[in-house]
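Accompanying notes for the structure given below.
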2 protein chains.
Amino acid sequence: MQVDDLVLVSVDDHVVEPPDLFEGRLSAKAAERAPFVRKLENGREVWMFEGTALPNVGLNAVAGRVPEEYGLDPLAFSEMRPGCYDIHERIRDMNVNGVLGSLNFPSLAGFTGQLFYSCDDKDIAIELLRAYNDWHVEDWCGVYPGRMIPLAVPPIWDAELMAAEVRRMGEKGCHAVTFSENPEKLGRPSWHSDYWDPFLAACEEAGTVICLHIGSSSQTVITAMDAPIDTMITLQPMNIVQCAADLVWSPVFRKFPRLKVALSEGGIGWVPYFLERLDYVYQHHRAWTNQDFGDKLPSQVFNEHVLTCFIDDAVGIEVRHHLNPDHIHWECDYPHSDSTWPYAPEMAMKYLEGLPDEDIDRITHRNAIANFGFDPFAHIPREQATVGALRAQATDVDTTPVSHGTGKFQEEGIVTAMTLAERMARK
Amino acid sequence: MQVDDLVLVSVDDHVVEPPDLFEGRLSAKAAERAPFVRKLENGREVWMFEGTALPNVGLNAVAGRVPEEYGLDPLAFSEMRPGCYDIHERIRDMNVNGVLGSLNFPSLAGFTGQLFYSCDDKDIAIELLRAYNDWHVEDWCGVYPGRMIPLAVPPIWDAELMAAEVRRMGEKGCHAVTFSENPEKLGRPSWHSDYWDPFLAACEEAGTVICLHIGSSSQTVITAMDAPIDTMITLQPMNIVQCAADLVWSPVFRKFPRLKVALSEGGIGWVPYFLERLDYVYQHHRAWTNQDFGDKLPSQVFNEHVLTCFIDDAVGIEVRHHLNPDHIHWECDYPHSDSTWPYAPEMAMKYLEGLPDEDIDRITHRNAIANFGFDPFAHIPREQATVGALRAQATDVDTTPVSHGTGKFQEEGIVTAMTLAERMARK
């Protein structure tokens, strides 16, 4: 298989919500309370909600910027590629990158819908959340059939409401929901409680994948305030191992045998070690910890339930025989700074080269299609869905990196968590 | 190679300090303040220091207990195998397990010498610490030449004192020192400061390995208080990845090019993923984070400086071609609950089988001998150092698991961090 023959479906990208997303979708009362974009005197734009300015219009939406400016969040929509928030431009950016399909996590709403959770008036909160999900499925995912995998945001303050939203969105063809890798860190019950059972049951019944993105517990891995920021960037994906361990040892998978969860942006190269460790702990310690997986091993339970996801992971491909081959997914991460855009096909081919075509197809798109109830080929014939065919439609898309000149880090030496916090305070 | 032909040197075991360890080693003033063992009315024994009872006489020293009691710390010396604290019995327990050499971390003193750091009178603290190290090198490691790799405890309150202690111990043939994976978590400067430079320079100069044991930041990985304790046990080794990332991105290795650190009990199967991630972050983000490794990649820097260590890790052996073959070390972890004692040779052979003899020898003992300045064959001919030869000397050692009947966990269902905390409070 050549680069041009790949068919790429990414199960981890990000939408930056446009300022008009709630327009025409709310009652007068909710419209009054809805988040809106305010332009500040210094040209910066912020989302306002409940009297508070939210820190970024688009967290780390740096696609197309020069790498010297990667650590800077965009301060205004004008600092982003329009593909971040405009669906027509997004499709063009996908085409130039040879990407057929894409699942998009929220920015404004938070990875776990923390925006809506933060609203004290829960009648308003649920109306806003439903409008948000409707916008996502209709205006973001519905305009170009066969291109976008929809992803719902759940009302995490009420497990019954979550179940209802999963069912409602399922009826609209949305079979993925974003949630937190560690809900306890958000002040909610942990995976070990039975609080989430109605939500989990609804996901199992509707065939809805629960997508757990790295950072979705709102905690970043800061080893020390003076640690170079590279430390945090290195650790953040693998840190989702904590969620994986929580889930396997919790009652969740044993209670909901058909449930699927995705470890979004978690990488895969560390997973075989983790599976071996799970089984060692089970065999070595179960006599006193009282764990019981019946006739299975915990590694099997992981492989039955967990969808693994990676951006760039040659080691993971090397050791993939330890993983469920139907559960490995490729990701692009547009427009975040770890993304391989616009060279995703070439980057992917580096580690896919030499694999059987069957394996390449599973990793690049067939698993995403099967697990997320996505059917692109109903709309786009396969021969028009390849990297070569999509790129041929996008010869006019300019991918030259641009500078927005909003201050680089060169003068500050090694960038640490403290450097970033200080810059944020100066903004 | 057959099981009986293996030569095993473990770079991670634990000594439980005997009650008389300070005897005859202190001035009258220090002797008055030294830790001592008190027997309580309920038969329990505790170390007393500075007016406080320390929680355990031997943290997790469960070797030889029935697995149903693994989670229970021994409440008295009588609940431990004498091999935990008696050097003559320890050698017999090593022989029956076919283990030639062993490096022992402290129990009472803490992985980073926190015991001495906790003493406000630093004149007393340093006298106690030096007496402790003298006891370790003379009475624990000096009695059976060629069997024990000595390990010093550092005075972490003063980097110059640390340097002096490293040099003092180096002169006694001790070329390993225990330290914290994250000193900031102990209220000390992080790896990123230059505070530790005198200590690091002394280690480099004396050829002393800095051993960073999992848990040595005094932090355990608790995802949620109601998480099964299996979660923490699964995660604790791999959590040392945070320390690995800290070190690679810190100035430490670039400032001290011959320094070696060991990630004790960290496992190795996750390392190849981590190395790939380091290089991806470097190549993808260095333009704004301002990192500079000259003509090297961060993965190379890791492989030059970091000694990797594992107890049982078939995946790690499979992917070892990504690691420095001269830096991989086997561990036994006697007498902790993750230990493979007394079946270590058989457990090791499961994943070593089929490897070239050269590779097996490096992993099981040659790397430990080279990196820790240990010379067992000066005292014991190689043919008397094999599993088969050592076991032949120990045919009278009884390894039958025993119960101390101090309350199992069966009645409590799944054991969580909360369960353990409540039991500890009831003691």
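For A:SER118, only one of the following conditions fails: (1) in contact (Cβ under 8 Å) with a residue 24 or more places away in the chain; (2) polar (S, T, N, Q); (3) surrounded by fewer than 24 Cβ atoms within 10 Å (Cβ to Cβ); (4) within 14 Å of chain B (Cβ to nearest Cβ). What is its number?
(4)
If I ask for residues that are over 28 Å from the mean Cα position of the chain (by Cα), modelled with pLDDT of 75 or more and within 13 Å of chain B (Cβ to nearest Cβ), which ones from region A:402-427 would you list?
Answer for region A:402-427, where residues must be over 28 Å from the mean Cα position of the chain (by Cα), modelled with pLDDT of 75 or more and within 13 Å of chain B (Cβ to nearest Cβ): A:GLY413, A:ILE414.
Among the residues of region A:364-384, count how many are surrounded by fewer than 23 Cβ atoms within 10 Å (Cβ to Cβ) and either within 16 Å of A:TRP330 (Cα to Cα) or in contact (Cβ under 8 Å) with a residue 40 or more places away in the chain (or both).
The total comes to 12.
Here's the yes/no breakdown for (1) touching a Lys or Arg at 6+ places or on another chain (Cβ under 9 Å); (2) under 30 Å from A:GLU422 (Cα atoms):
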site	(1), (2)
A:ASP5	no, no
A:GLY24	no, no
A:GLU32	no, no
A:ASN56	no, yes
A:PRO67	yes, yes
A:TYR70	no, yes
A:GLU79	yes, yes
A:ASN97	yes, no
A:PHE105	no, yes
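Check B:LEU100, B:LEU161, B:LEU115, B:LEU128 and return the single one that is within 30 Å of B:PRO345 (Cβ to Cβ) and at pLDDT 95 or above.
B:LEU100
Do we have A:GLU138 as within 22 Å of A:THR220 (Cβ to Cβ) and out of contact with any strand residue (DSSP E or B) (no Cβ under 8 Å at 6 or more places or on another chain) here?
On the way: within 22 Å of A:THR220 (Cβ to Cβ): no; out of contact with any strand residue (DSSP E or B) (no Cβ under 8 Å at 6 or more places or on another chain): yes.
In short, no.
Answer with yes or no whether A:ASN104 is part of a helix (DSSP H, G or I), touching an Asp or Glu at 6+ places or on another chain (Cβ under 9 Å) and buried (at least 20 other Cβ atoms within 10 Å of the Cβ).
no
Tell me whether region A:193-211 contains one or more residues that are farther than 20 Å from A:CYS309 by Cβ and facing chain B (nearest Cβ under 10 Å).
Yes, region A:193-211 contains at least one residue that is farther than 20 Å from A:CYS309 by Cβ and facing chain B (nearest Cβ under 10 Å).
Before we move on, is A:ASP295 among the acidic types (Asp, Glu) and out of contact with any strand residue (DSSP E or B) (no Cβ under 7 Å at 6 or more places or on another chain)?
Yes.
Only helices (runs of 4 or more DSSP H) wholly contained in region A:195-277 count here; list those with 2 or more residues that are under 21 Å from B:THR289 (Cα atoms).
Once the helices (runs of 4 or more DSSP H) in region A:195-277 are filtered for at least 2 residues that are under 21 Å from B:THR289 (Cα atoms), what remains is A:229-235.
Based on what the data block shows, is B:ASP226 out of contact with any strand residue (DSSP E or B) (no Cβ under 9 Å at 6 or more places or on another chain), at the interface with chain A (Cβ under 7 Å from one of its Cβ atoms) and charged (D, E, K, R)?
Spelling it out, it is not the case that B:ASP226 is out of contact with any strand residue (DSSP E or B) (no Cβ under 9 Å at 6 or more places or on another chain), at the interface with chain A (Cβ under 7 Å from one of its Cβ atoms) and charged (D, E, K, R).
Of everything in region A:256-273, what is out of contact with any strand residue (DSSP E or B) (no Cβ under 9 Å at 6 or more places or on another chain) and either within 7 Å of chain B (Cβ to nearest Cβ) or in contact (Cβ under 8 Å) with a residue 60 or more places away in the chain (or both)? Give them in sequence order.
Those that are out of contact with any strand residue (DSSP E or B) (no Cβ under 9 Å at 6 or more places or on another chain) and either within 7 Å of chain B (Cβ to nearest Cβ) or in contact (Cβ under 8 Å) with a residue 60 or more places away in the chain (or both): A:TRP270, A:PRO272, A:TYR273.
Among B:ALA262, B:ALA244, B:ALA227, which is the only one that is over 18 Å from the mean Cα position of the chain (by Cα) and small (Gly, Ala, Ser)?
Values: B:ALA262 fails: over 18 Å from the mean Cα position of the chain (by Cα); B:ALA244 fails: over 18 Å from the mean Cα position of the chain (by Cα).
Checking each option against the conditions leaves just B:ALA227.
What are the residues in region A:67-99 that are in a loop (DSSP other than H, G, I, E, B) and either out of contact with any strand residue (DSSP E or B) (no Cβ under 9 Å at 6 or more places or on another chain) or among the aromatic types (Phe, Trp, Tyr) (or both), if any?
A:TYR70, A:GLY71, A:ASP73, A:TYR85, A:ASP86
Taking the options B:ALA34, B:ALA53, B:ALA28, B:ALA63, name whichever one is within 26 Å of the chain's Cα centre (by Cα) and free of Cβ contacts under 8 Å to residues at least 24 places away in the same chain.
B:ALA53
Can you pull out every residue in region B:333-352 that is in a loop (DSSP other than H, G, I, E, B) and either within 17 Å of B:GLY267 (Cβ to Cβ) or of a type outside the set (A, V, I, L, M, F, W, C) (or both)? Write out each step before concluding.
Within region B:333-352, the first condition is being in a loop (DSSP other than H, G, I, E, B), and the residues that meet it are B:333-343.
Hits for region B:333-352 are B:ASP333, B:TYR334, B:PRO335, B:HIS336, B:SER337, B:ASP338, B:SER339, B:THR340, B:PRO342, B:TYR343.
Any residue in region B:289-302 that is under 21 Å from the mean Cα position of the chain (by Cα) and either more than 9 Å from chain A (Cβ to nearest Cβ) or surrounded by fewer than 23 Cβ atoms within 10 Å (Cβ to Cβ) (or both)?
Scanning region B:289-302, I find at least one residue that is under 21 Å from the mean Cα position of the chain (by Cα) and either more than 9 Å from chain A (Cβ to nearest Cβ) or surrounded by fewer than 23 Cβ atoms within 10 Å (Cβ to Cβ) (or both), so the answer is yes.
Tally up the residues in region A:161-182 that are of a type outside the set (Gly, Ala, Ser) and either without any contact (Cβ under 8 Å) to a residue 40 or more places away in the chain or surrounded by fewer than 22 Cβ atoms within 10 Å (Cβ to Cβ) (or both), please. So that I can check it myself, show each step before the final result.
Filtering region A:161-182 down to residues of a type outside the set (Gly, Ala, Ser) leaves A:161-162, A:165-169, A:171-172, A:174-175, A:177-179, A:181-182.
Those still in the list that are either without any contact (Cβ under 8 Å) to a residue 40 or more places away in the chain or surrounded by fewer than 22 Cβ atoms within 10 Å (Cβ to Cβ) (or both) too: A:161, A:165, A:167-169, A:171-172, A:177.
Of the residues in region A:161-182, 8 are of a type outside the set (Gly, Ala, Ser) and either without any contact (Cβ under 8 Å) to a residue 40 or more places away in the chain or surrounded by fewer than 22 Cβ atoms within 10 Å (Cβ to Cβ) (or both).
The values are calculated or read from the model by the stated rules, or taken from the named source; none is laboratory data. All values reported here derive from a predicted model rather than from experimental measurement. As a convention, Cβ positions derive from the backbone with ideal geometry for all residues, glycine included, and neighbour counts pool all protein chains shown.
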